[in-house]
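To start, the structure itself, in structure tokens.
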Amino acid sequence: MTNTLQKVQLPAEFHVRLDFYWQSIAMYAITLIIYVVIKAVWDSTLQFGLVSVVLTDPVVVLLGSFVVISTTWLILNSVSRRSIIVSDDAITYISRFHERSFHLDEIEKIVLGNERRTNVRGVLALVRIYIRGRRRPIRVRPGLYDNEHGLISALLTLRHHSLRT
């Protein structure tokens, strides 16, 4: 499995992908437009040519709230600009508002694999980083970041460095 991963020069920075939010906004907005058009055509044929769209229709309210919520999360995530920097001796989580580093001597182990509770596709769907003095591990989903194969390769390189020390 590691032969398909590309080698990454450390330190490497990986940004959070925002395309999921764009896709969900587009899907909900198109569904909303199609529903409103079908509803208007259906009601106009029943009411002899009068087109009326009711904004208090539960489906319109539900789809509209999905569009608004997805847009809000897209704006919040694009403003925060979250990323992970993997270097030879540390993992650093960076956002616009906060920065947190975990050095190699703080990291107990790095485990790559699936999460047990959910059926997530992909062999390396979840990376758990165990930190000394912390009850729960840090969970990283490589699929949420740009260049996910590079992130996995960088974490494997960091794990290899932690085993040597």
Could we say that residue 63 is more than 21 Å from residue 16 (Cβ to Cβ), of a type outside the set (Lys, Arg), modelled with pLDDT of 90 or more and not assigned by TED's automatic domain parsing to the domain that holds residue 8 here? yes
Kindly establish whether residue 9 is modelled with pLDDT of 75 or more, among the polar types (S, T, N, Q) and more than 23 Å from the chain's Cα centre (by Cα). yes
Between a first residue in the stretch 138-159 that is not assigned by TED's automatic domain parsing to the domain that holds residue 10 and assigned to a strand (DSSP E or B) and a second residue that is buried (at least 22 other Cβ atoms within 10 Å of the Cβ) and among the acidic types (Asp, Glu), which pairs have beta carbons less than 9 Å apart while being 6 or more apart in sequence or on different chains? none
Going through the stretch 99-113 one residue at a time, which ones are assigned to a strand (DSSP E or B) and acidic (Asp, Glu)? 99, 108
Taking the stretch 135-158 as the region of interest, how many residues are touching a strand residue (DSSP E or B) at 6+ places or on another chain (Cβ under 8 Å), over 13 Å from residue 8 (Cβ atoms) and either of a type outside the set (Val, Ile, Thr) or at pLDDT below 85 (or both)? 4
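The values are calculated or read from the model by the stated rules, or taken from the named source; none is laboratory data. Just so you know, these numbers come straight off a predicted model, no measurement behind them. As a convention, Cβ positions derive from the backbone with ideal geometry for all residues, glycine included, and neighbour counts pool all protein chains shown.
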